[in-house]
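Scroll down for the structure; my scribbles are underneath it.
The values are calculated or read from the model by the stated rules, or taken from the named source; none is laboratory data. Here the structure is a predicted model, which is why all the values come from computation and not from measurement. Here Cβ is always computed from backbone atoms with ideal geometry, including for glycine, and neighbour counts include all displayed protein chains. In case anyone asks, the SASA skips ligands and DNA or RNA and just uses the protein heavy atoms, side chains included. Shrake-Rupley method; radii C 1.70, N 1.55, O 1.52, S 1.80 Å.
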Amino acid sequence: MKRPVSGIPLFYRGRWRNAFIWLLPVVAFIVAVSMVIQARLSVGPEVVIAFRSAAGLEAGKTAVKYKDVTVGLVKAITLSPDNTQVLVRVALGRDAQNLTRADTRFWVVRPRVGMSGVSGIDTLLSGAYIGVDRGQSDESQYRFTGLEIPPAIVNGMAGSQFKLEADDLGSLDINSPVYYRRIPVGRITSYQLRKDGRGIDLNIFIDAPYDRLVTADSRFWNVSGVDLSVGSDGFQLKTQTVAAIMAGGIAFSRLDNPTQGGLYKRTRYKLAPDQETAMAPADGPPVRFQLRFEHPLHGLNVGAPVEFSSVRIGHVASVELDYNPEGYRFPTIVDIDVYPSRMGNVLEKLPKPTGDTDLNTVIFTREMIAHGLRAKAAASSLLTGQLYISLDFVPDAPEVNFDAAKRPVELPTVNGGLTILQDQLTGIARKINKMPLDEIGNNMNTALVELNKTLRMVNNQSLPAANHLMQQAQQTTQDAQKLLAEDSPLVIHLLHSLQEATRTLRAVRSLTNQLDRHPESLLQGRTDDVVLNVPHSLKEGEQP
């Protein structure tokens, strides 16, 4: 063995130790290759989504989430060739390959504040992301058009969709709630104008298990805003929840005795303007009548009720003007629709002389007119001045000619109570206009001048004399009171005179008694006087 020399490095050489050094790059290469392979295997398809704006999106940071799980990342954001859209290139994960279906929907989740609530609050901290709703189509697609508004429902939600027909949209919007007994059970998912432009088709989604409450007899009505109505029975205010007032909404209910069930998914429903209209029984085909009023009808609108014996049996269909060359008059022609089914059991008791319904109607109407049936425009509310058509029998109604061949059948009319009142007020106003108001005013002015003079004379002459007379009367009364007082000299003197008179009368009475008993005393004198002149001694105990 060689001994080491000081200052010269000593190297130990061995074959196995050198081989371990070369293993390190090999292991690193294997790890790198495996990472590349794993990266290749984890990469899914790339899709391009077109949005109107890229607000909140950022390449390399914005995530794509499905059911709150990140399934992709935005790689690049560019403009479309015509600069009208933003093209967002998204790299999906390998496990998100089945999201590239033709009906898959993408939208940007941002903080949104609307009438129906607040959504996307979590994106205030984490930033906006792209939401995904997987489609059901079997075809694949790699270019999509993103939604500007998040969908109201996504695939996989438990519930059912229904279609409603409405005349107009009103204050309804997507995500407006659907109520059942004031409980939100669904929402509006979409709406579109019909091809003919005569209405709106609404799609609603009702969550399970509430969708089982929808039957073929279910009725839907609009509960948006505040329903304030004024009628003959006063003001009526109907409201739903505050959310329905602010954001609009739809309510539905079903009849107490439904006649159908189990076919609700095949039924298109009519959206009524209010609950009363929705829950009203089916009216059936109406019978149209025509009314002719010779005076204007302020306050009579299309849709105003038609009542027969206080029962609403129809409504006003149209109000138009006509021209009568005689006198250059413009009468008002009113068409009304009467629903015989609203008369209930009475309809079954009506005579049916023939099998023709139209002919039976004419015959029955003619008989009713002959017995005094007349139509009039009556005021439903003096506050609003609204009119309605009232059909009723008028006693001693004048006879009218009935044209059985005219269509619609014409009903004779009479002036309503308000019209009569207006005529009376007009007559009173005419009489007032005929009165010589100027002459009456002049006479009244003259009378007032004379009255003023008279009052001045009274104030200057009559009133002072009257005051003086009153003072004298008061002084006289005071003097009389003093004379009649108990301690007045007149009263004392009068009392003394009365006492003297009393004593005189007693003396006269004694004299007359004496003469009656002893008439001889006129000649002989009173014996008692003699006796009185004889003194006698008083006995013991006697007093003189």
Can you name the number of the only condition in (1) on the phi < 0 side of the Ramachandran plot; (2) out of contact with any Lys or Arg (no Cβ under 9 Å at 6 or more places or on another chain) that Arg181 fails?
(1)
Of everything in region 373-387, what is open to solvent by less than 60 Å² (accessible area, probe 1.4 Å) and either at pLDDT 85 or above or more than 19 Å from His315 (Cα to Cα) (or both)? Give them in sequence order.
Leu373, Arg374, Ala375
Kindly provide the set of residues from region 141-157 that are modelled with pLDDT under 85 and open to solvent by 50 Å² or more (accessible area, probe 1.4 Å), ordered by number.
Glu148, Ile149, Val154, Asn155, Gly156, Met157
Check Asp207 against each of (1) open to solvent by less than 20 Å² (accessible area, probe 1.4 Å); (2) at pLDDT 85 or above; (3) not aliphatic (A, V, I, L, M) and name the one condition it does not meet.
(1)
Would you say Ala370 is within 17 Å of Thr413 (Cα to Cα), among the hydrophobic types (A, V, I, L, M, F, W, C) and exposed (fewer than 13 other Cβ atoms within 10 Å of the Cβ)?
yes
Quick one: what pairs do we get from region 73-89, first residue free of Cβ contacts under 8 Å to residues at least 12 places away in the same chain and closer than 15 Å to Glu46 by Cα, second of a type outside the set (A, V, I, L, M) and open to solvent by less than 30 Å² (accessible area, probe 1.4 Å), C-beta under 8 Å, 6+ apart or different chains?
none
Quick check on my filter: what residues within region 288-322 are open to solvent by 50 Å² or more (accessible area, probe 1.4 Å), in a loop (DSSP other than H, G, I, E, B) and of a type outside the set (Gly, Ala, Ser)?
Glu294, Pro296, His298, Asn301, Val302, Asp322
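Residue-by-condition table, conditions (1) modelled with pLDDT under 85; (2) over 60 Å from the mean Cα position of the chain (by Cα); (3) open to solvent by 80 Å² or more (accessible area, probe 1.4 Å):
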residue: His496; (1), (2), (3): no, yes, yes
residue: Ser521; (1), (2), (3): yes, yes, no
residue: Arg526; (1), (2), (3): yes, yes, yes
residue: His536; (1), (2), (3): yes, yes, yes
Can you work out which of the residues in region 349-363 that are among the β-branched types (Val, Ile, Thr) and part of a helix (DSSP H, G or I) is surrounded by the fewest Cβ atoms within 10 Å (Cβ to Cβ)?
Thr357
Only one of Asp396, Asp403, Asp392 is on the phi > 0 side of the Ramachandran plot and either at pLDDT below 85 or under 38 Å from the mean Cα position of the chain (by Cα) (or both), namely Asp396
Return the pair list, or none, for Cβ contacts closer than 8 Å from residues in region 491-508 that are closer than 20 Å to Ala480 by Cβ to residues that are surrounded by 10 or more Cβ atoms within 10 Å (Cβ to Cβ) and modelled with pLDDT under 90, at least 6 apart or on different chains.
Val491/Leu483; Val491/Leu484; Val491/Ala485
Quickly run through region 72-99 and pick out the residues that are open to solvent by less than 50 Å² (accessible area, probe 1.4 Å) and under 51 Å from the mean Cα position of the chain (by Cα).
Val86, Leu87, Val88, Leu99
Residue hits (region 44-71; part of a loop (DSSP other than H, G, I, E, B) and surrounded by 14 or more Cβ atoms within 10 Å (Cβ to Cβ)) are Ala54, Gly56, Leu57, Ala59, Thr62
I'm checking my understanding of the structure. Among residues of region 174-204 that are within 21 Å of Asn155 (Cα to Cα) and under 24 Å from the mean Cα position of the chain (by Cα), which one is most open to solvent (accessible area, probe 1.4 Å)?
Pro184
Note on region 316-363: residues modelled with pLDDT of 75 or more and in contact with a Pro (Cβ under 7 Å, 6 or more places away or on another chain) are Asp322, Asn324, Thr332, Asp335, Asp337, Val338, Tyr339, Asn360, Ile363
Say whether the condition of being modelled with pLDDT under 85, open to solvent by 90 Å² or more (accessible area, probe 1.4 Å) and under 41 Å from the mean Cα position of the chain (by Cα) is met by at least one residue in region 413-423.
yes
Hits in region 279-309 - residues which are at pLDDT 80 or above and small (Gly, Ala, Ser)
Gly303, Ala304, Ser309
